[in-house]
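A short write-up of the structure that comes next.
The values are calculated or read from the model by the stated rules, or taken from the named source; none is laboratory data. Note that the coordinates shown come from a computational prediction; the quantities given were computed from them, not determined experimentally. As a convention, Cβ positions derive from the backbone with ideal geometry for all residues, glycine included, and neighbour counts pool all protein chains shown.
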Amino acid sequence: MEKKKQLDLASIATIPLTMTLANSILIPVLPSMQKAMGITAVQSSLLITAYAAVAILFIPIAGYLSDRIGRKKVILPGLLLVAAAGAFCGFAAISFDKPYALVMTGRLFQGLGAAGCFPVVLPLVGDLFKKEEDVSSGLGLVETANTFGKVLAPIIGSALAMWTWYMPFWFIPVFSLISFILVAVWVKAPKDKKPAVPFGQFVRNVISLFREKGRWIWGVYVAGGINMFAIFASLFYLSEILEERGSYGILKGCLVAIPLAALCSTSWAIGKWIGQNKKLMKWISVIGFIEAAVSLIFLAFGGRDSIWFIIILLFVGSIGLGAALPSLDALLTEGIEKDQRGTITSIYSSIRFLGVAAGPPLAALLIAHSKSSLFWLLTACCVAAALIALFTIKPKQA
């Protein structure tokens with residue numbers, strides 16, 4: 001990897017770290033929020049869903065703008081909005097007896113800020129490097145930062161919740177502003193000397209791209225969305241079951257972080273390994289989803305009496321999901337030309353956020369009915385993702 005760009009990449013990696021913390025930091029605190037605000041488990045899960053739902057709607061717009069006006073001009077305002085919305089949620093929590101509606105409003109605006117941040121990271125990494133193996137390695141680092149945020153989030157969230165339930169909201173602006181400064185100062189995105197393509201021509205180019213490569217692009221889209229759904233549904237289940245069985249505070253955060261540590265380390269290792277081998281990326285994705293399905297099916301059959309048995313199986317499943325993440329990212333980013341990369345990867349990010357949004361509320365509804373039904377659904381989703389990756393992704397076309 002080009003040494004002079006390592007600092008740029010490290011600064012870029014703070015963006016997914018911040019966006020993940022802005023969402024996942026709340027997961028271990030949701031039971032406390034239910035009690036403090038007098039809301040149900042489904043209502044608390046919507047605090048996660050609201051963030052992701054708004055991002056889903058606006059991510060494609062952010063991707064298009066990043067192709068037209070530049071990556072940093074979209075990312076930096078997004079980071080500021082995430083910081084401001086976090087402070088608004090914290091202020092609402094300390095100022096009102098029943099702050100749920102205002103906190104939900106703040107989370108919606110936070111999702112709007114997130115729409116301009118993480119989705120633009122993937123094409124920015126693709127722009128930064130000329131060699132495909134450097135792009136793969138960079139994307140691996142980005143996914144590692146993303147998953148490392150998920151590892152840190154339950155620990156930090158649980159620690160802050162020991163102070164008070166709304167403290168995580170005040171913590172989000174700190175990370176957002178640090179990321180803003182690093183990106184503003186250190187990231188030097190390459191300047192595109194080509195004139196901007198008129199909007200009509202741009203749309204025709206994108207339609208033509210989907211006609212030519214749509215089969216494998218949609219395969220990557222759907223597999224990525226399923227991956228996020230499986231991760232966040234599992235996290236919500238683990239958080240709820242730990243709270244139900246008397247694990248609180250830092251201990252709970254550390255236990256939730258165990259399967260996420262597997263996700264993080266695997267993403268980093270696979271990103272370093274895959275290089276520009278698209279056939280390897282495909283098969284790692286397929287095998288990763290199969291591994292996740294095998295671990296989840298054990299939980300579907302039962303054996304959930306032991307917390308450690310649950311954590312070990314989620315740890316194994318997270319290895320598979322973590323292996324698929326950088327592989328899918330690299331397939332998409334390296335298979336799309338620079339002038340369309342922002343738009344195409346933004347749709348991918350929207351679908352990933354759809355998985356994030358669906359995970360907690362669906363998990364809450366299924367847990368209330370039957371815990372086995374949640375794991376049967378997750379198993380079926382992972383099997384479907386493996387088959388989609390197997391039959392739609394054609395390395396020679398990517």
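Since V82 meets every condition but one in (1) in a helix (DSSP H, G or I); (2) among the β-branched types (V, I, T); (3) surrounded by fewer than 24 Cβ atoms within 10 Å (Cβ to Cβ), which condition does it not meet?
Going through the list (1) in a helix (DSSP H, G or I); (2) among the β-branched types (V, I, T); (3) surrounded by fewer than 24 Cβ atoms within 10 Å (Cβ to Cβ), V82 breaks only (3).
For F375, only one of the following conditions fails: (1) surrounded by 24 or more Cβ atoms within 10 Å (Cβ to Cβ); (2) without any contact (Cβ under 8 Å) to a residue 60 or more places away in the chain. What is its number?
(2)
What's the number of the only condition in (1) out of contact with any Leu (no Cβ under 8 Å at 6 or more places or on another chain); (2) aliphatic (A, V, I, L, M); (3) over 23 Å from A257 (Cα atoms); (4) surrounded by fewer than 24 Cβ atoms within 10 Å (Cβ to Cβ) that L328 fails to meet?
(4)
Among the numbered criteria (1) modelled with pLDDT of 80 or more; (2) outside any helix (DSSP H, G or I), which single criterion is violated by M1?
(1)
Determine which single condition F289 fails, assuming it passes every other condition in (1) surrounded by fewer than 20 Cβ atoms within 10 Å (Cβ to Cβ); (2) within 18 Å of M228 (Cα to Cα); (3) aromatic (F, W, Y).
It fails just one condition, (1).
Somewhere in the stretch 260-269, is a residue under 18 Å from the mean Cα position of the chain (by Cα), buried (at least 24 other Cβ atoms within 10 Å of the Cβ) and either modelled with pLDDT under 80 or of a type in the set (A, V, I, L, M) (or both)?
The answer is yes, given that some residue of the stretch 260-269 is under 18 Å from the mean Cα position of the chain (by Cα), buried (at least 24 other Cβ atoms within 10 Å of the Cβ) and either modelled with pLDDT under 80 or of a type in the set (A, V, I, L, M) (or both).
Quick test for you: out of K98, K72, pick the one residue that is under 27 Å from V121 (Cα atoms), of a type in the set (K, R) and surrounded by fewer than 18 Cβ atoms within 10 Å (Cβ to Cβ).
K72
Name, by its number, the condition in (1) surrounded by fewer than 21 Cβ atoms within 10 Å (Cβ to Cβ); (2) modelled with pLDDT under 85 that does not hold for G38.
Unmet condition: (2).
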